[in-house]
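The values are calculated or read from the model by the stated rules, or taken from the named source; none is laboratory data. Note that the structure is predicted; figures quoted are calculated from it, not measured. Please note: Cβ atoms are built from the backbone with ideal geometry, for glycine as well, and neighbour counts cover all protein chains shown.
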Amino acid sequence: MTDATPKSPMLAVPASQTEADPGRQAGGFATAMPWILQYWRVALRWKWVIIGTIIACLIAGAVYTMLAERIYTANARIEISRTESKVLNMNGVEPERGGRVEQEFYQTQYNLLRARSQAERVAKSLNLARDPVYLAAFGGKAPPSSLRVMSKAELDVATRSVASKLNGVVQIKPVVGSALVDISVSTPNPELSAKIANSWAENFISANLERRYDSASYARRFLEDQLQATKAKMEDAEREMMTYAERQGILTIAQSDSSDPKAPSVERSIMATDLVALNDALNKATIERIAAEGALKAASGQASAVAGGSPSVANLRQRKSDLQAEYAKLMVIFQPDYPPAQALDRQIRDIDRSIAAEQSSVGGSSVATARAAYTAALAREEELRSRVGGTRTNLVDERRRSVQYGILQREVDTNRELYDGLLQRYKEVGIAGGVGTNNVAIVDRALRPGAPSSPRLINNMFTSLLIGLALAALLTIVLAQIDTTVRDPAEAQDVTDLPLLGVIPDTDNELAIDEVRDRKSSQSEAYLSVQTALRFSTTTGVPKSLMCTSTRKGEGKSTSSYALALSLHRIGRTAIVVDCDLRSPSVHRLAGVANGAGTSNFLSGNNDILSMVHHDESDNLPFITAGPMPPNAAELLSSDRIADLIAALGQHYQHVVLDAPPVLGLADSPLLASKVEGVVYCVEAEGARTNAIRYSLARLRSAGATLLGVVLTKFDEKRAYYGYGYEYGYGYADAQPGE
């Protein structure tokens, strides 16, 4: 070993330094620890609880997997389309909902697949209430009652019970990003799973068609009512129209305005038809009269040309011109009924007849024939014109009377159109309702599963592992909260609010004092560090009188008292150990001698102190045993004799170390603490509760004790780390050969 200087980091620092730098604790090392390291330390502390909990959960998962009932899952896949597969090229009864949100539509379909009515349809279609396979899978053997004929009420109750169970074994799993839906059925029987899955898909399609058929049936009933009402209105309107036409004498016939036989006919009155016919006849008569008039003019021209050279005709025409000139003069002043004017008019007509007679005699029979034809044509034209005028007058009168008739006619036509439209829609609904439209199709039918889907060993073990981890974490948190013992040096300082003088590692040796006597042991090194820290705890060095105490017995206070005195003795300081634990003495066992005359004897009045001093055989360390156990230990310790003992020993030794009783439940230690210069408080790692430690320290402080610091004893460096990873246990025992 290259350096014999103690290398333990447990060095105390003055309280002023600790207060000035809150980031550092007594001993000069920061105690702040990363949170992940804190959790790791807690896990290490309760590692066997964690491991045991996880193993127990894994065993439970394995047992469950072996004992659980085998479940078989069958899957049927269907497609639900937004666009209906129409058998006929016609619109359905339900309105188009193209603007509806896709998600809303599919969520409706999924809920219909999960509906209770869907489960009841499947239960009824498969007769599961009396199916021995189903009853054996879900209720043991089929009861005798299932073999008899059930009443309707019993069957309904059984079907509802089956439907409620089916809802628990059927899962609807939409395939993400598609219109496909998987229907998964899990039962203890593989054939039953496949049968229920296929029936579920088929019954969903049937229910979908039935809902549409029910909608068509309602539409048919509605259209039937509308047809009857419209037909009654149409018949009433026709009767009213005919009555009015009969009363007004309006007769109409159906005529087509086009040569196309498919063109619709138009109602026209007989008078209008007659007027059309008369107009056609009048036009023809006018044409004939014009032709006859032309023929007459041609014949007359020929006759005039022949008779133009006759002197008698020329004289008659001259005479006619004169009379016409005279008649014109009279018309300027008088009316045509003026007698002289009438006389002149008769003379002119007589001359015309004379001229005509003269020309007839000269022109021949051709003029007579043309005149006769013209006269006949003119008479026919006049007659037809007269009839057209009368018919037109009658038609105008009929039109005035036909206004109301037209209103009635339009009402009849409207009702007839409504009736025809409703009748056509009724026929379409009847066909669509009978054939049906479907937007659901089976893509894959369910097959008989070849292997069980549950339980699965890997999944169950993984689940058990997760449960075990969660339960172990919960137990660890609970135990960590319940366990209020001091586990590491940082907690020792936090709980006691005292400087940390040192940490004493735990030992596997049954007698820890043997480790203390070994100069190269970790125990000896640790107590040397405590002794060094005590040298800096006061301005005068290690106090002349000090005592070691603890919360309860068994925390290493006696060993610490003996080890501190031995450490001082080894560096050349004279020190003596005095066993003041009169109730449970320990120093004599550490020294390997009998508990003879000692402290109790002196307190009882024996002043021969030197006769009570013994020496350790190996190190020649002086010590005083407790002596015989007195009946009144507290009374002896409360007397002034204990101060006399310390003073008397102080004359012979530089340091007096008292092994005091534990504080909790006793009055001895507070009495002793007031008599010494300093108190070293020993705390066992994972020993006393923090509330007991705080209570004990409060009693010592109330007694006026000077607390020098805390020593953490029986510390296992394998279970905890201090500061930033400095492990305890460095010492001569850890040195390798040759170092």
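Overview of results
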quantity	calculated
Count - residues of segment 665-698 that are assigned to a helix (DSSP H, G or I) and either more than 25 Å from Asp644 (Cβ to Cβ) or of a type in the set (Gly, Ala, Ser) (or both)	11
Test: Leu227 is on the phi < 0 side of the Ramachandran plot, modelled with pLDDT of 85 or more and in a helix (DSSP H, G or I)	no
Residue among Thr476, Thr485, Thr463 that is within 18 Å of Ser186 (Cβ to Cβ) and touching a residue at least 24 places away in the same chain (Cβ under 8 Å)	Thr463
Arg212 modelled with pLDDT under 80 and farther than 14 Å from Val122 by Cα	yes
Given (1) surrounded by 13 or more Cβ atoms within 10 Å (Cβ to Cβ); (2) at pLDDT below 80; (3) under 18 Å from Arg353 (Cα atoms), number of the condition Gly308 does not satisfy	(1)
Residue match in segment 500-515 (condition: of a type in the set (D, E, K, R) and either crowded, with 19+ Cβ neighbours inside 10 Å or touching a residue at least 24 places away in the same chain (Cβ under 8 Å) (or both))	yes
Single residue of segment 516-526 satisfying the filter (in a helix (DSSP H, G or I) and out of contact with any strand residue (DSSP E or B) (no Cβ under 7 Å at 6 or more places or on another chain)) that is surrounded by the fewest Cβ atoms within 10 Å (Cβ to Cβ)	Arg517
In segment 136-157, the residues that are surrounded by 15 or more Cβ atoms within 10 Å (Cβ to Cβ) and either outside any helix (DSSP H, G or I) or at pLDDT 85 or above (or both)	Ala142, Met150
Set Ala512, Ala526: member being of a type in the set (Gly, Ala, Ser) and in contact with a Pro (Cβ under 8 Å, 6 or more places away or on another chain)	Ala526
Any hit, segment 570-581, residues being modelled with pLDDT of 90 or more, of a type in the set (A, V, I, L, M, F, W, C), assigned by TED's automatic domain parsing to the domain that holds Gly554 and touching a Gly at 6+ places or on another chain (Cβ under 6 Å)	no
Of residues in segment 527-543 being assigned to a loop (DSSP other than H, G, I, E, B) and in contact with a helix residue (DSSP H, G or I) (Cβ under 6 Å, 6 or more places away or on another chain), the one farthest from Gly665 (Cα to Cα)	Gly541
Which listed residue, of Ser674, Ser639, is in the same structural domain as Ala703 (by TED's automatic domain parsing) and touching a Gly at 6+ places or on another chain (Cβ under 6 Å)	Ser674
Matching residues in segment 699-719 - criterion: being assigned to a strand (DSSP E or B) and closer than 20 Å to Val516 by Cα	Val710, Val711, Leu712, Thr713, Lys714, Phe715
Residue match in segment 354-376 (condition: at pLDDT 80 or above, among the charged types (D, E, K, R) and assigned to a helix (DSSP H, G or I))	no
Unmet criterion (only one of (1) within 20 Å of Ile205 (Cβ to Cβ); (2) modelled with pLDDT of 85 or more; (3) in a loop (DSSP other than H, G, I, E, B)) for Val176	(1)
Listing of helices (runs of 4 or more DSSP H) fully contained in segment 26-124 that carry 2 or more residues being of a type outside the set (Val, Ile, Thr) and modelled with pLDDT of 90 or more	47-67, 102-113
Selection status of Leu546, farther than 19 Å from Tyr681 by Cα and in contact (Cβ under 8 Å) with a residue 12 or more places away in the chain	no
Residue selected from segment 586-630 under the condition of a type in the set (D, E, K, R) and free of Cβ contacts under 8 Å to residues at least 12 places away in the same chain, by the criterion farthest from Ser560 (Cα to Cα)	Asp608
Selection within segment 175-201 - farther than 22 Å from Ser454 by Cα and more than 27 Å from the chain's Cα centre (by Cα)	Ser199
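Yes or no, residue by residue, for (1) closer than 14 Å to Val710 by Cβ; (2) within 60 Å of the chain's Cα centre (by Cα):
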position	(1), (2)
Pro662	no, no
Asp668	no, no
Leu671	no, no
Lys675	no, no
Gly678	yes, no
Cys682	yes, yes
Ala685	yes, yes
Asn691	no, yes
Arg699	no, no
